[in-house]
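J.: I'd like to ask you about the structure that follows.
Bear in mind that the values in this text are calculations on the coordinates, not laboratory data. Note that the structure is a prediction, hence the values are computed from the model and not measured. Neighbour counts are summed over all protein chains in view; Cβ atoms, including those assigned to glycine, are modelled from backbone coordinates with ideal geometry.
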Amino acid sequence: MIEVKELRKAFGPIVAVDGISFRADLGDVLGFLGPNGAGKSTTMKMLSCFLAPDGGTAGIVGHDVVAEPVAVRRNIGYLAENAPAYDEMTTEAFLRFVCEARGITRRKRAEAMERIVESCAVASVLHQPIGTLSKGYRRRVGLAQALIHDPSVLILDEPTDGLDPNQKYEVRQLIKKLSKDKCIVVSTHILEEVDAICTRMIIIDRGRIRVDSTPNKLREEIGGNLDAIFRKLTTNSDEPSVAGGVK
Amino acid sequence: MRGFISVFKRELRSYFSTPLAYVFLVVFLLASGFMVFQKNFFEMRQASMWVFFDGMPLLFIFLVPALAMRLWAEERRTNTIELLFSLPITPAQAALGKFLACWTVLALALALTWPMVATVCYLGDPDWGPIVTGYLGSFLLAGAYLAIGSFFSCLTRNQVIAFVLAVAGCAFFLSAGSPSVMNYLAGTLPAGMVEVVEVLSFKSRFESFQRGVVELRDVAFFVLLTAGWLWASVVAIGERRAAG
């Protein structure tokens with residue numbers, strides 16, 4: 001469902017993503033790991049058609065991100081870093097706007113709202129402006145926005161960053177629940193998260209893929225816990241790890 | 001179309017769910033009223049709105065960029081632009097939706113100056129032609145300023161920079177035809193260039209609306225100019241997005 005070939009993106013002299021290729025299918029929860037500035041967010045921005053790649057191709061459900069951006073956006077749910085949302089809108093107005101923009105008809109809208117309010121647990125903040133919400137609720141509203149049209153591909157950029165342990169647990173449960181009939185890509189730098197929810201993991205560092213495997217296989221092959229593996233893979237180079245972090 | 005309507009509705013609602021629209025309307029109405037009465041409106045003993053429309057180009061030069069500066073700069077600063085473009089909306093739909101929502105607020109501001117019309121009617125028997133065309137000219141002028149402001153708002157995430165550039169851009173078009181500027185340019189630019197600058201002037205075209213003359217080429221000028229700057233905004237959004 002997601003097919004990425006030799007994807008490349010540079011910001012001036014800084015190469016953020018340097019020819020990465022991978023694929024993900026239905027039922028996959030692909031963990032995207034890497035130190036800060038490794039190119040995770042840039043890759044996700046290209047998958048969601050926000051950034052245009054400099055080279056290579058990426059296809060989502062058969063649509064190319066460069067040639068058919070609108071078709072791609074129709075098929076994905078995207079939660080950007082820090083869950084951006086219009087602060088002055090109430091949760092309800094915001095979700096209604098997303099429904100409208102996504103062309104969910106009035107009749108289906110009530111149904112979709114009801115489903116999403118329940119699964120993302122945002123009922124208590126429905127009439128509150130988003131700017132006044134706590135980090136946890138803000139993130140949930142972001143998830144609700146990404147899920148409201150029931151997309152087949154979900155791209156979540158650090159969905160649990162900054163949440164407390166309870167909220168992290170809830171978000172992970174939600175992702176697990178959703179994973180059966182979707183293809184999900186989750187970026188994170190929290191390793192326990194990978195163990196908790198991911199069926200596959202990719203470790204990316206300085207714009208290149210270092211590992212494309214499963215958590216269990218990796219432990220068998222290299223040995224030790226994931227933390228040690230992660231450190232070994234992302235620091236064993238002669239140059240210091242200061243790849244450009246790009247917002 | 002769907003993308004355009006949803007953006008238009010969201011934008012329009014956001015003006016009124018924040019103090020923005022109310023502050024703008026109050027300041028606009030106070031300032032336009034002040035400009036009229038400061039010019040001895042009653043002592044002139046004329047049932048005309050000439051002095052009212054006379055203040056519009058200068059008033060709009062600050063108020064329209066103030067409204068336009070947030071259009072894209074704010075989306076970029078709060079990163080909601082990434083959310084907006086994860087929805088199936090094209091840059092052209094978004095730019096047009098935002099522009100028209102803002103233009104609607106400006107149209108409302110103009111409509112709320114009706115007590116001025118009522119006053120003139122009460123005091124005398126005005127010639128309706130210049131009043132109607134004056135409003136039309138003001139509306140078109142506001143649209144042109146707004147399109148300029150929208151373009152500069154695309155270029156930066158800093159609203160102050162967007163505002164200053166937009167005021168400068170609007171000021172260029174407004175002052176292009178004025179005698180002092182033309183005299184200065186005549187001494188520095190080649191003759192052909194001076195003519196081009198003169199053609200771009202807002203002032204002379206707005207004055208013909210003020211006099212009650214609607215010429216197709218004046219209307220076309222404003223419409224084309226507005227469309228041009230809007231198109232530039234769409235291109236700028238795409239370019240800036242690709243650059244991160």
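J.: Tell me yes or no: at least one residue of the stretch B:143-151 is more than 14 Å from the chain's Cα centre (by Cα) and of a type outside the set (Lys, Arg).
T.: Just the residues of the stretch B:143-151 that are more than 14 Å from the chain's Cα centre (by Cα), to begin with: none.
Looking through the stretch B:143-151, none of the residues is more than 14 Å from the chain's Cα centre (by Cα) and of a type outside the set (Lys, Arg).
J.: Please go through the stretch A:8-23 and pick out each residue that is more than 12 Å from every other protein chain (Cβ to nearest Cβ) and buried (at least 20 other Cβ atoms within 10 Å of the Cβ). Please lay out each step first, then the result.
T.: Restricting attention to the stretch A:8-23, the residues satisfying the condition of being more than 12 Å from every other protein chain (Cβ to nearest Cβ) are A:8, A:13, A:15, A:18-23.
Result: A:Ile20, single match.
J.: Follow-up. Please list, ordered by first then second residue, the pairs with beta carbon atoms under 9 Å, 6 or more apart or interchain, first in the stretch B:27-41 and in contact (Cβ under 8 Å) with a residue 40 or more places away in the chain, second among the small types (Gly, Ala, Ser).
T.: As it stands, the answer is B:Phe28/B:Ala109; B:Leu29/B:Ala109; B:Ser32/B:Gly55; B:Ser32/B:Ala109; B:Val36/B:Gly55, since those pairs meet every condition given.
J.: Please list, ordered by residue number, the helices (runs of 4 or more DSSP H) wholly in the stretch A:130-230 having 1 or more residues that are basic (Lys, Arg).
T.: Result: A:135-147, A:165-178, A:215-222.
J.: Identify all residues within the stretch B:54-90 that are buried (at least 19 other Cβ atoms within 10 Å of the Cβ) and either more than 23 Å from B:Tyr22 (Cβ to Cβ) or polar (S, T, N, Q) (or both); write none if there are none.
T.: B:Pro57, B:Arg76, B:Ile81, B:Glu82, B:Leu83, B:Leu84, B:Phe85, B:Ser86, B:Leu87, B:Pro88, B:Ile89, listed by residue number.
J.: Within the stretch B:1-27, work out how many residues are more than 7 Å from chain A (Cβ to nearest Cβ) and either out of contact with any helix residue (DSSP H, G or I) (no Cβ under 9 Å at 6 or more places or on another chain) or outside any helix (DSSP H, G or I) (or both).
T.: Matching residues across the stretch B:1-27 total 4.
J.: When the stretch A:176-214 is examined, which residues are found to be touching an Asp or Glu at 6+ places or on another chain (Cβ under 8 Å) and without any contact (Cβ under 8 Å) to a residue 24 or more places away in the chain?
T.: Listed by number, the list holds a single entry, A:Ser213.
J.: If you go through the stretch A:165-215 one residue at a time, how many are of a type in the set (Lys, Arg), surrounded by 18 or more Cβ atoms within 10 Å (Cβ to Cβ) and closer than 18 Å to A:Met1 by Cα?
T.: Of the residues in the stretch A:165-215, 2 are of a type in the set (Lys, Arg), surrounded by 18 or more Cβ atoms within 10 Å (Cβ to Cβ) and closer than 18 Å to A:Met1 by Cα.
J.: When the residues of the stretch A:53-110 are narrowed to those that are more than 30 Å from A:Ala16 (Cα to Cα) and among the polar types (S, T, N, Q), which ends up nearest to the other protein chains (Cβ to nearest Cβ)?
T.: The extreme case among them is A:Thr90.
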